[in-house]
Amino acid sequence: MQENKRLPLIASLFALIGLPIIFLTISLYTGNWRFLIFSIGPAFGAGLTGLILTMQKISKDKRVT
């Protein structure tokens with residue numbers, strides 16, 4: 001059965017890029033930069049972990065077929 005790898009890739013890219021952009025706009029609007037500072041670490045941690053695991057799964061599936 002073929003797995004859909006597009007959704008995990010989109011979710012990890014959103015965590016890596018989208019969440020910091022959202023918190024950047026909140027920080028610009030409020031002037032409180034703690035929103036951005038405290039969101040960078042968890043966003044990159046979750047985004048990079050998901051991206052690495054997704055890319056490993058994609059490359060593994062390409063080698064098998």
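When nucleic acids and ligands are ignored and a 1.4 Å probe is applied, LEU28 ends up with an accessible area of around 110 Å².
Using a simple spin-label model with pseudo-atoms 7 Å out from Cα toward Cβ, ASN4 and ILE37 lie 4.0 nm apart. The residues of the chain expose, per residue, 79 Å² of accessible area to a 1.4 Å probe. Working from label points 7 Å from Cα in the Cα-to-Cβ sense, the THR49 to ILE22 distance is 1.8 nm. Neighbours of MET55, meaning other residues whose beta-carbon lies under 12 angstrom from its beta-carbon, give a summed charge of +3 when Lys and Arg score +1 and Asp and Glu score -1. Mean residue ellipticity at 222 nm, helices only, the chain: -26500 deg cm²/dmol; runs of at least 4 DSSP H residues each add -39,500 (n - 2.57), and the sum is divided by the number of residues. For the chain, relative contact order (Cα pairs under 8 Å, six or more residues apart, normalised by length) works out to 43 percent.
Computed on the Cα atoms alone, the convex hull of the chain gives a volume of 60 cubic angstrom per residue.
The values are calculated or read from the model by the stated rules, or taken from the named source; none is laboratory data. The structure presented is a predicted model; accordingly, all values stated were derived computationally and were not measured. Because the Cβ atoms are built from the backbone with ideal geometry, glycine has one as well, and the counts that use them run over all protein chains shown. The accessibility values were calculated without ligands, DNA or RNA, using every heavy atom of the protein model including side chains. Shrake-Rupley method; radii C 1.70, N 1.55, O 1.52, S 1.80 Å.
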